[in-house]
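Asker: Here it is, the structure, as structure tokens.
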Amino acid sequence: MTLSIHPIPITLQMEATYWGRNFGVVIFMDASTHRVLHYRFLRSKERVCDYQAGISYLQNQGFTIGAIVSDALSGIKEAFPEIPYQYCQFHQLQRIRHLLTTNPRLPVAKELTSLAHRLTQTNHLDFEQSLEKWEQKWKDFLQEKTYGEEGKWHFTHRRTRSAFYSLKRNLNALFTFEKFPIHQVPRTNKAIESLNSVLKMRLRIHRGLSIEKRELLIGNILGAFNPDKH
């Protein structure tokens with residue numbers, strides 16, 4: 001079989017969506033055309049090897065991967081050290097909302113949530129400076145400890161700390177797109193999110209299908225997906 005060679009590197013968007021805990025699909029999409037290049041079904045929680053297999057398949061088909069956009073599944077970035085990795089900014093914001101809620105009560109959490117909401121409208125330098133200012137303002141709050149029996153302690157505001165350190169830890173990956181303008185790397189996986197919405201809607205209409213028929217339906221939808229109509 002002759003490979004179809006694609007000399008121009010593509011930016012690959014990757015994301016998994018689920019129906020219950022034990023059935024899902026990983027979608028691999030060309031960020032510039034929003035065409036679905038490949039997909040893999042899941043019968044358990046997604047693993048790095050699912051993404052490795054997908055990328056290996058595309059590379060064997062002649063695609064050159066210039067950059068990837070994905071969520072923060074542990075190990076994804078490390079699995080592809082030679083490929084620039086953009087962490088989806090929407091997923092980062094969802095992580096902050098999960099930790100601080102959509103309507104935080106404390107001023108410290110309100111300010112951090114507001115800062116996180118600026119991700120998709122700002123640049124690396126401005127966001128980093130704003131995050132540093134927030135840290136300086138609330139550093140004493142972040143270090144507050146709660147003591148229990150026998151002198152054992154834990155940080156009092158663990159969820160706020162987790163939200164802050166999540167942003168700080170992911171900072172560089174959140175703005176990879178700035179470093180590689182030639183690859184036209186998107187900030188988010190919005191295109192796949194839109195496709196996932198289509199899948200969810202169609203499968204709601206066809207509830208009760210066996211897993212095999214679900215796979216057939218999803219495959220037909222993905223195979224016929226026309227991004228120009230969505």
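Asker: Using modelled backbone amide H atoms (1.01 Å from N, in-plane), which distant-in-sequence or interchain residues come within less than 5 Å of ARG187's amide H?
Answerer: none
Asker: Which residue, SER74, SER210, SER194, has the most motion in a Gaussian network model of the chain that connects Cα atoms within less than 10 Å?
Answerer: So, out of SER74, SER210, SER194, the one fluctuating most is SER210.
Asker: Of ALA31, ALA53, ALA72, which has the largest mean-square fluctuation in a 10 Å C-alpha GNM of the chain?
Answerer: Of ALA31, ALA53, ALA72, the most mobile in the Gaussian network model is ALA53.
Asker: Within the range 20-103, list the GluC sites (Glu not before Pro) lying in a DSSP loop whose Cβ has at most 13 other Cβ atoms in a 10 Å radius.
Answerer: Details: sites: GLU46, GLU78, GLU82; in loops: GLU46, GLU82.
Qualifying residues, ordered by number: GLU82.
Asker: Given a cut-off of 22 Å, name the pairs among LYS45/LYS77; LYS110/LYS200; LYS139/LYS168; LYS110/LYS137; LYS110/LYS190; LYS133/LYS190 whose C-alpha atoms lie farther apart than that in the structure shown.
Answerer: Numbers: LYS45/LYS77 18 Å; LYS110/LYS200 32 Å; LYS139/LYS168 14 Å; LYS110/LYS137 13 Å; LYS110/LYS190 25 Å; LYS133/LYS190 30 Å.
Cα-Cα > 22 Å for LYS110/LYS200; LYS110/LYS190; LYS133/LYS190; rest within.
Asker: Counting only DSSP beta bridges with both residues in the chain, what percent are antiparallel, rounded to the nearest 5?
Answerer: Working: 16 of 24 bridges.
Bridges in the chain that DSSP calls antiparallel: roughly 65 percent.
Asker: Apply 1/(1 + (r/R0)^6) to the Cβ-Cβ distance of HIS154 and THR101, taking R0 = 22 Å, and write down the FRET efficiency to the nearest 0.05.
Answerer: With a Förster radius of 22 Å, E is 0.60.
Asker: Between the DSSP loop rule and a limit of at most 15 other Cβ atoms within 10 Å, which trypsin sites (Lys or Arg not before Pro) in the range 15-98 are left? Intermediate results must be reported in sequence, preceding the final value.
Answerer: Working: sites: ARG21, ARG35, ARG40, ARG43, LYS45, ARG47, LYS77, ARG95, ARG97; in loops: ARG21, ARG35, ARG43, LYS45, ARG47.
When the trypsin sites (Lys or Arg not before Pro) of the range 15-98 are filtered for loop state and at most 15 Cβ neighbours within 10 Å, ARG21, ARG35, ARG43, LYS45, ARG47 remain.
Asker: Which entry in (1) 26; (2) 37; (3) 20 is this structure's computed percent of Cα pairs over 34 Å apart?
Answerer: The listed entry that was calculated here is (1).
Asker: Still on this structure, please answer the following. Determine, for ILE10, ILE221, the number of other Cβ atoms within 10 Å of each Cβ, and report the residues in order from fewest to most. Could you put the intermediate results ahead of the total?
Answerer: Values: ILE10 22, ILE221 15.
Sorted ascending by nearby Cβ count, the order is ILE221, ILE10.
Asker: List LEU12, LEU167, LEU99 from most exposed to least, where exposure is judged by having the fewest other Cβ atoms within 10 Å.
Answerer: Working: LEU12 26, LEU167 23, LEU99 19.
Ranking LEU12, LEU167, LEU99 by Cβ neighbours within 10 Å, fewest first, gives LEU99, LEU167, LEU12.
Asker: Additional query: So if each residue of separation counts as 0.36 nm, and I subtract the Cα-Cα distance between PHE41 and LYS137, what length gain in nm does that give?
Answerer: Numbers: separation 96, 0.36 × 96 = 34.56 nm, distance 4.64 nm.
My answer for the length gained is 29.9 nm.
Asker: Follow-up. Using alpha carbon centroids, what distance separates the range 177-230 and the range 1-78, in Å?
Answerer: 12 Å
Asker: Just want the ordering: GLU212, GLU128, from fewest to most Cβ atoms lying within 10 Å of their own Cβ.
Answerer: Working: GLU212 8, GLU128 17.
Least to most surrounded, the residues fall as GLU212, GLU128.
Asker: In whole Hz, what ³J(HN,Hα) sequence does the range 85-94 give by Karplus (6.51, -1.76, 1.60; θ = phi - 60°), x for Gly and Pro?
Answerer: 10, 9, 7, 4, 5, 5, 5, 5, 5, 4
Read-outs: derived from the displayed coordinates by stated rules, not from any lab. Since we're looking at a predicted model, the values are computed, not measured. Here Cβ is always computed from backbone atoms with ideal geometry, including for glycine, and neighbour counts include all displayed protein chains.
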